[in-house]
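Some notes on the structure that comes next.
Rule-based calculations on the coordinates, nothing more; no lab input. Treat the numbers as computed from the prediction; the structure is a model and nothing was measured. Every residue, glycine as well, gets a Cβ built from its backbone with ideal geometry; the counts of neighbours run over all protein chains shown.
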Amino acid sequence: MTGRIIGITGPTVTVNLTDIKLYDRLKVGHGGLQGEVVRLADDHAVVQVYEETKGLGVGEPAQPLGVPLSVRLGPGLMGQVYDGLQRPLPLMGEKFGPFIRPGCELESLPADSIWIFTPLKKAGDTIEAGCALGFVRENSFEHCIFAQAGGVISAIAQGEITLQTPVASLEDGTQLYPAHDWPIRTPRPFRRKLPPASPLITGQRVIDFFFPLSLGGTAIIPGGFGTGKTILEQAIAKHAAVDVIVYVGCGERGNEMAEMLEEFSSLNDPWSKRPLAERTIMVANTSNMSVAAREASIYTAVTMAEYYRDMGCHVLLLADSISRWAEALREVSSALEEMPGEEGYPTYLASRLSGYFSRAGVVETLDGKTGSLSMILSVSPPGGDFTEPTTQACLRASGAFYMLDTSLAHRRHFPAINWVQSYSLYAEEVSKHFTESVSEKWEELKKKGMALLQKEEKLREVSEIVGAEGLQDEDHLLLHTAGEIRNRFLCQNSFTEDAFSTPEQTALLIELIVRQYEEGSARLAKGEDLSAILKEMK
Ligand SMILES: Nc1ncnc2c1ncn2[C@@H]1O[C@H](COP(=O)(O)OP(=O)(O)O)[C@@H](O)[C@H]1O
Ligand SMILES: [Mg+2]
């Protein structure tokens, strides 16, 4: 059944179709633009269109596809660069030129690449949907091929396959293929959630030491313009100790994404020493692309991330920035003439966000493995005002908060994470882990380091009142040490060798600074001269 367009408002169109479901996909217009049903009424449906609606006319056809907006999951995802609708951008560029015409389509996965399939099941085995039939090798890891239906296996492949070859047949005649579609707004199932406990090493000292994230945890990085959100997200994407990175460039500048792509094709993962591109999937919906597709892009990304989690991988999803997603949501909502909430955002902004964050976690998969999905999302509050709705909604839903501070960024203290206001709900568990596996002094050093920074703050206030002359030698030693912690420990220039620090290096550096302080302090107590001590500390 084909319908007609009866109205167009910005990124949404109204069609005279009734026999369709919410979130079903449609093709609208002569160009076949992709869209998704977002509202149903008695005699019409409203469709969110993921491509530029300019040039679309009333009366043009609307073709329902009978399936929800989905991503294609299977071997070949790794290393790809997709747009928000999972179209492979480099291939699109080759085929259609730099400007994607609305309605153009390409397979998300290379249909005729050859993979070597190793079965884990045999004919006669009874299987359930979600179990691994076998695997193919994708770069350095084993890419599981999951059964999409349960039953008794009558035949199973071995050796060379393509995505068009069935990997197994069931006795009831069902053919099982190596790739399948999954609706992006439906979280993929798992057996149960497990509590997050082990650390996600980011390589950033200030995070790993003071505000650590756990595998399966969620963190946000709110910061005003130029405070270093993008550089920090990218530094973590390069260095985090995880199996898979899914990076969403969401509504930010396209040239940043292009530079990142170039860098990723030449750099190696510091842990596996393999090219970074081999463990990374990128989703780019930059500021020059369609707003409505940006709304979908974060779901496209998280569904791919869950798919790798289901293989027992540790997956980290990074998005820059979630505020641009919220703005896209606002734009669509206003085109739908919904009742606006705070600052024009729809009233369901917070519930959508918390629903999104809840797709993170450590899980026992349907196949009995343990996998995790962690998230680090940047937030760009307009004017750096953290009381605005998106920042607040993210704050409530996430487990860690890395607040970027404009005054630190002005002083070129990068990453500009404010150490007084940031926090991590995972800190206690994760620090315990580091204390066991990295340094038995980890927790003790953390307390001492933070205490020094806090005392510095107090001393600065005091010296503003009484002047530097009012300070004791002990105070000067403390100020010097706190300065060392800030400049040598908390700061990490992303453009130098220091961009990445292992937990061992992190522990050694802070131990050195704290030890020098304690030794200096003991020498002062014995009556030694401050200037001699400071000189030796340099
Ligand atoms: N970790 C860092 N090391 C060195 N320079 C940084 C770092 N983080 C940010 N900067 C500097 O700050 C500038 C702005 O950072 P960027 O990440 O683009 O900010 P935002 O995304 O918050 O607008 C960068 O171009 C760079 O000069
Ligand atoms: Mg940025």
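Rounded to the nearest 5, what % of DSSP beta bridges with both residues in the chain are antiparallel?
Details: 61 of 88 bridges.
Around 70 percent of the beta bridges assigned by DSSP in the chain are antiparallel ones.
Using a 10 Å cut-off around each Cβ, can you sort Arg137, Arg309, Arg192 from fewest to most neighbouring Cβ atoms? Intermediate results must be reported in sequence, preceding the final value.
Numbers: Arg137 13, Arg309 30, Arg192 8.
Ordered by Cβ neighbours within 10 Å, fewest first: Arg192, Arg137, Arg309.
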Rounded to two decimal places and with Rh computed the Kirkwood way over Cα pairs, what is Rg over Rh for the stretch 3-68? 0.90
Step through the residues of the stretch 421-429 one at a time and calculate ³J(HN,Hα) from phi using the Karplus curve (6.51 cos²θ - 1.76 cosθ + 1.60, θ = phi - 60°), rounding each to whole Hz and writing x for Gly and Pro. 8, 6, 7, 9, 6, 8, 3, 5, 4
Would you mind putting 296-302, 23-29, 113-119, 215-221 in packing order, based on average other-beta-carbon counts within 10 Å, highest first? 215-221, 296-302, 23-29, 113-119
Along principal axes, largest first, the alpha-carbon spread of the stretch 128-223 in whole Å comes out as 56, 27, 25
Order by protection proxy (mean Cβ within 10 Å, highest first), peptides 317-325, 45-53, 11-19, 508-516: 317-325, 45-53, 11-19, 508-516
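Helix-only mean residue ellipticity at 222 nm, the chain, DSSP H runs n ≥ 4 weighted -39,500 (n - 2.57), per residue, nearest 500. What is it? List each step's numbers first, then the result.
Numbers: 13 runs with 167 residues, N = 538.
Dividing the helical sum by the residues of the chain leaves -10000 deg cm²/dmol.
As an exercise, use a Förster radius of 22 Å and the Cβ-Cβ distance of Ala123 and Glu364 to find the FRET efficiency, rounded to the nearest 0.05.
Values: r = 28 Å, r/R0 = 1.27.
Plugging the Cβ-Cβ distance into 1/(1 + (r/R0)^6) gives 0.20.
If you rank Leu106, Leu459, Leu213 by fewest surrounding Cβ atoms within 10 Å, what's the result? Let's see the in-between values first.
Working: Leu106 13, Leu459 18, Leu213 30.
By the 10 Å Cβ count, ascending: Leu106, Leu459, Leu213.
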Can you tell me the Rg and Dmax of the chain, counting just the alpha carbons, in angstroms? 26.3, 92
So what does the Cα-only Debye profile of the stretch 115-178 read at q = 0.27 Å⁻¹, as log10 I(q)/I(0), no solvent term? -1.18
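Determine, for each peptide in 163-169, 246-252, 493-499, the mean count of other beta carbons within 10 angstrom over its residues, then list the peptides with the highest first. Walk me through the numbers before you get to the answer.
Details: 163-169: 18.0, 246-252: 27.4, 493-499: 12.0.
Sorting 163-169, 246-252, 493-499 by mean packing, highest first, produces 246-252, 163-169, 493-499.
How much of the calculated P(r) for the stretch 158-314 lies past 21 Å, in percent of all Cα pairs?
58
With 10 angstrom as the radius, rank Arg279, Arg412, Arg330 by how many other C-beta atoms surround their C-beta, starting from the fewest.
Values: Arg279 26, Arg412 10, Arg330 22.
Ordered from fewest to most neighbouring Cβ atoms within 10 Å, Arg279, Arg412, Arg330 come out as Arg412, Arg330, Arg279.
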Among all the aspartates and glutamates, which ones have a C-alpha under 16 Å from Lys27's C-alpha, if same-chain residues fewer than 8 places away are not counted? Asp19, Glu36, Glu51, Glu52, Glu60, Glu105
Would you report the distance distribution of C-alpha pairs in the stretch 407-538 as whole percents per 10 angstrom bin, up to the bin with the largest distance? 11, 36, 37, 15, 1
Starting from the exponent 0.38 and prefactor 2.2 Å, build the expected Rg for the stretch 265-309 from its residue count and divide its actual Cα Rg by it. 1.44
Whole-Å distance, taken between Cα centres, linking the stretch 437-451 and the stretch 181-255: 24
Violating pairs (Cα-Cα greater than 29 angstrom) within the set Lys238/Lys432; Lys21/Lys229; Lys229/Lys447; Lys193/Lys238; Lys369/Lys441: Lys21/Lys229; Lys369/Lys441
Given the convex hull of the Cα atoms of the stretch 177-246, what is a quarter of its surface area in nm²? 7.3
